[in-house]
Amino acid sequence: MENTDQLTERKARQPVGVFDSGVGGISVLRELIKVMPNEDYIYLGDSKNAPYGTKSLEQVRELSFHNAQVLLEQGAKGLVVACNTATSAAVRLMRGMYPGLPIVGIEPALKPAALQKEHPHVLVMATPMTVQQEKFRQLMARYEDRAQIYPLPCPGLMEFVEAGDLESERLYDFLRELLTPYLTKPLDSVVLGCTHYPFARKVIQQIVGENVTIFDGGAGTAREMRRRLAAAGLLSPSETAGTVTFENSLATEEELELCQRLLHMDI
Ligand code: DGL
């Protein structure tokens, strides 16, 4: 029989599970690898059912629970919900379902953007579901006195990233139309409140201009996961670089190639 220490040590060698509605969460995976390079990761993208951001709350919950279960069945020692939409819809319920399991979600990085300077103007780009959720309303309410916040639902944007289109003219035109009403505001920052959007960052920056600071929550989420694993004694004891396994509900070769490309590209 293993004692508790032996059990924890064995568990620490198991992979970290990461999921998203598609390939967007790879922007979070990149940050996880930066702060915990020796961990093994299983990244599950649900591209077959993407987008989540325009589905019903019930659907997103069901899909999120399913993703969590798939990762746990493969021995994940903790879960990163690398999707703002799934986090706002399901993370609280998931914590209730798996007490004791380190589960970290992602939310729009409004805090650093709102505290960046005296009363900044902050545009928050996210999915329609994320901006409608109570979780986001509460987040906004916390910073409303300190910043002028413009929530902007961006249906259709994640589809470009899912298709591997990160800098075409079509993407530029799409974003230009979406962002034009805000270009007359004295914008200080843009928060990328969907994990797909960091992959379109260059085009967004080009449109809003170099003086606007772009924030995303990937790095903070990765640091939080490291804290949670450390607190549970579950950081990998390995001293060599870990592995990344990609799984996707659209298990085509193109999809898995896109995952590799997004993991290694310069953003
Ligand atoms: N990547 C997801 C997020 O962070 C959502 C994209 C979608 O499925 O709509 O919100």
Can you tell me how many residues in the stretch 11-27 are open to solvent by less than 10 Å² (accessible area, probe 1.4 Å) and farther than 15 Å from Met158 by Cα?
5
In the set Pro99, Pro15, the lone residue that is of a type outside the set (A, V, I, L, M, F, W, C), in contact with a Phe, Trp or Tyr (Cβ under 8 Å, 6 or more places away or on another chain) and more than 16 Å from the ligand (Cβ to nearest atom) is Pro15
Pairs with Cβ under 8 Å, 6+ apart, first in the stretch 117-142 and touching a residue at least 24 places away in the same chain (Cβ under 8 Å), second open to solvent by 10 Å² or more (accessible area, probe 1.4 Å) and of a type in the set (Asp, Glu)
Lys117/Asp188; Pro120/Asp188; His121/Asp188; Val122/Asp188; Lys135/Glu107; Phe136/Glu107; Leu139/Glu107
Any chance Lys55 is surrounded by fewer than 23 Cβ atoms within 10 Å (Cβ to Cβ), in contact (Cβ under 8 Å) with a residue 12 or more places away in the chain, in a helix (DSSP H, G or I) and within 14 Å of the ligand (Cβ to nearest atom)
no
For the stretch 220-234, which residues satisfy the criterion of being crowded, with 16+ Cβ neighbours inside 10 Å and assigned to a loop (DSSP other than H, G, I, E, B)?
Ala232, Leu234
For the stretch 177-188, which positions are surrounded by 15 or more Cβ atoms within 10 Å (Cβ to Cβ) and either part of a loop (DSSP other than H, G, I, E, B) or touching a residue at least 60 places away in the same chain (Cβ under 8 Å) (or both)?
Leu187, Asp188
Being hydrophobic (A, V, I, L, M, F, W, C), touching a strand residue (DSSP E or B) at 6+ places or on another chain (Cβ under 6 Å) and assigned to a helix (DSSP H, G or I) is the filter here; which residues of the stretch 71-109 pass it?
Leu71, Val91, Met94
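Scan the stretch 1-31 for residues that are assigned to a helix (DSSP H, G or I) and over 11 Å from the mean Cα position of the chain (by Cα) and jot them down.
We begin by selecting, within the stretch 1-31, every residue assigned to a helix (DSSP H, G or I); these are 4-12, 26-31.
Hits for the stretch 1-31 are Thr4, Asp5, Gln6, Leu7, Thr8, Glu9, Arg10, Lys11, Ala12.
Residue check: is Phe174 under 17 Å from the mean Cα position of the chain (by Cα) and in a helix (DSSP H, G or I)?
Taking the combined requirement at face value, the residue does not satisfy it.
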Being crowded, with 18+ Cβ neighbours inside 10 Å and hydroxyl-bearing (Ser, Thr, Tyr) is the filter; apply it to the stretch 235-267 and report the residue that is nearest to the chain's Cα centre (by Cα).
Ser249
Scanning the stretch 109-126 residue by residue, those open to solvent by 10 Å² or more (accessible area, probe 1.4 Å) and within 16 Å of the ligand (Cβ to nearest atom) turn out to be Ala109
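The values are calculated or read from the model by the stated rules, or taken from the named source; none is laboratory data. Bear in mind that the values here come from a model prediction, so they are computed numbers and not experimental data. Positions of Cβ are backbone-derived with ideal geometry, glycine not excepted, and every protein chain shown enters the neighbour counts. These area figures cover heavy atoms from the full protein model, side chains too; ligands, DNA and RNA do not enter into them. Shrake-Rupley method; radii C 1.70, N 1.55, O 1.52, S 1.80 Å.
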